[in-house]
Amino acid sequence: MARVKQLSAFLILSLLVLFVSADVRVKRQDDDDNQEQNIDELCQDRAADEYFRLSSDGDCRDVVRCDNSGETNIFRLAPIRCPSGLAFDVERQTCDWKTNVKNCKDVEKPRKVLPILKTDEPICPEGKLSCGNGECIEKELFCNDKPDCKDESDENACTVDLDPNRAPDCDPTQCVLPDCFCSADGTRIPGNIEPSQVPQMITITFNGAVNVDNIDLYDDIFNGQRNNPNGCQIRGTFFASHKYTNYSAVQDLHRRGHEISVFSLTHKDDPKYWTSGTYDDWLAEMAGARLIVERFANITDGSIIGIRAPYLRVGGNKQFEMMADQFFVYDASITASLGRVPIWPYTLYFRMPHKCNGNAHNCPSRSHPVWEMVMNELDRRDDPTFDESLPGCHMVDSCSNIQSGEQFGRLLRHNFNRHYNTNRAPLGLHFHASWLKSKKEYREELINFIEEMLGRNDVFFVTMLQVIQWMQNPTELNSLRDFQEWKEKCDVKGQPYCSLPNACPLTTRELPGETLRLFTCMECPDTYPWLLNPTGDGFVAK
């Protein structure tokens, strides 16, 4: 919670940046003279939202941007100053604590040479494209994470929109269920079923460690007494991170029919690590985390098929290449901006049907045999019919305006109606358990909402996998009672695997000085499972 408060303070401070309008030309102090800088030259080919310094001297708080919004259409420099104690990071284009900013001597963010991809007349032979310096190389060499142009420009235009080898636009004649699903704008209902015959699916997901801090919350929400219209208990999806997780509790959640997915092994507190992660990084983090869960939660049915990236920092094509190779079926990390009609999940054989939104904008540009369980942003407004537009929020706890249970209840019902009254795309309610536990009224409001929805005959609380199962075999409401894919884990069988799990006190040389307890019904490993040693069988600390 301390980290959450620190982060909140940082966000508040960032928003307190002092914007000062400037209709006067700003003079730059130069070593040679004090002559006025040529503003037009400064602003040439520079984006309007790019902030840069006029000098590397000073306390690193001051930057400017080019502004030509006035009636005269003449460029002026609009200065901005970070609050005291903060500095401006020109690479990330934001204010941050001064100790975190390492580029105070840089006046602008690094400029990359771009390839020449669009010309009136071809400048390269067929099958080749031009680097920024006019050099022609094979099209396949662009965006392969290895610079092939002398100016390295072939690796500088690799977004979903620019990658020369990007996935093609959706082609419904080639993309057919059950293996492939796409639509031009992402809003089409699978099977072209009438909205009134589509079950409104709601997915409740939790991110983070499963342990004594939140098991009571999960038992309260999923108490075994709340059933969907088909008679099966409501289910959730748990994206479990490794450290501090009680694997006997994970094992019991799985026994009760909930879906277990992975949220990484280390949950490393470095956003760049995830955004720029290599294939091997993602392999060690996600396949390693799955191996740990399978062994220490004794999940042997191959049902761990989904991942969510920490901080929702999607790892681009490398992440999805790893997922395909390791038979992960879906990712649940990409967000879609708040729109009038929500987006249905889709496969990544074809191009994403929405803009790359969210953290770091590192969405996959290539074709991948993976489902994207897109996170539709929630409308956070108290009264959508009256209030002015606000940015959406992807995790419920990131809807910072929610301060009371009453507000939370309104958010749940507004967003339910937004999905239900349009195309009935699945409604995702994504939480960190600590937020729901922070106020008793939040938990009560969520349970009231669940019970209210279960009073209808067309709303189902399901797992991510169950959403995919329905999409692969779209079935109308009147036939759902016999929908076999949802019946497989309808009844909870057996008792907890053990009543008193092993509390294994473990160390690993990867985490020097730490002794961590691993709770599991299985045998204790030799060392604490970690990167490159997920089974805990090696690296015995002496």
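The values are calculated or read from the model by the stated rules, or taken from the named source; none is laboratory data. Predicted model, so just to flag it, every value in this text is computed and none were measured. As a convention, Cβ positions derive from the backbone with ideal geometry for all residues, glycine included, and neighbour counts pool all protein chains shown. With ligands, DNA and RNA removed, areas are computed over all heavy atoms of the protein, side chains included. Shrake-Rupley method; radii C 1.70, N 1.55, O 1.52, S 1.80 Å.
Table for the structure above
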| read-out | value |
| --- | --- |
| Label-point separation in nm, VAL212 to ILE123, each point 7 Å along Cα→Cβ | 6.7 nm |
| Local electrostatic count at CYS182 - Lys and Arg +1, Asp and Glu -1, tallied over other residues with Cβ under 11 Å | -2 |
| Gyration tensor verdict on segment 179-288 (Cα atoms; rounded if a/c is under 1.5, prolate if a/b is larger than b/c, oblate otherwise) | oblate |
| Accessible area per residue in Å² at 1.4 Å probe, computed on segment 410-515 | 50 Å² |
| Accessible-area composition of segment 407-542, carbon plus sulfur, in percent [1.4 Å probe] | 47 percent |
| Aspartates and glutamates with Cα under 15 Å of LYS440, excluding same-chain neighbours fewer than 8 positions away | ASP213, ASP216, ASP219, ASP220, ASP397, GLU406 |
| Between segment 449-480 and segment 236-253, the Cα center-to-center distance that results, in Å | 24 Å |
| Residues of type aspartates and glutamates that LYS150 reaches as a straight line, Cα spacing below 17 Å, ignoring anything fewer than 8 places off in the same chain | GLU135, GLU138, GLU140 |
| Cα-projected label distance for ASP270 with GLU488, points at 7 Å along beta-carbon direction, nm | 3.8 nm |
| Net charge of neighbours whose Cβ lies under 10 Å from the Cβ of SER333, counting Lys and Arg as +1 and Asp and Glu as -1 | 0 |
| At most 10 other Cβ within 10 Å, DSSP loop - GluC sites (Glu not before Pro), segment 52-128 | GLU71, GLU126 |
| Inter-label distance for ASN423 and SER400, nm, one decimal - labels placed 7 Å from Cα along Cα-to-Cβ | 3.1 nm |
| Net charge, PRO505 excluded, C-beta distance under 15 Å - Lys, Arg +1, Asp, Glu -1 | -1 |
| Per residue accessible area in Å² of segment 93-237, where ligands, DNA and RNA are left out and the probe is 1.4 Å | 53 Å² |
| LYS146-ASP280 FRET efficiency (beta carbon distance; Förster radius 25 Å; 0.05 resolution) | 0.95 |
| Qualifying lysines (Cα of each under 18 Å from Cα of LYS146; at least 8 residues distant if same chain) | LYS112, LYS128, LYS318 |
| Global form of segment 75-115, assessed from the alpha-carbon gyration tensor, a/c cut-off 1.5 | oblate |
| Ellipticity estimate at 222 nm from DSSP helix runs (n ≥ 4, -39,500 (n - 2.57)) divided over the chain, nearest 500 | -6000 deg cm²/dmol |
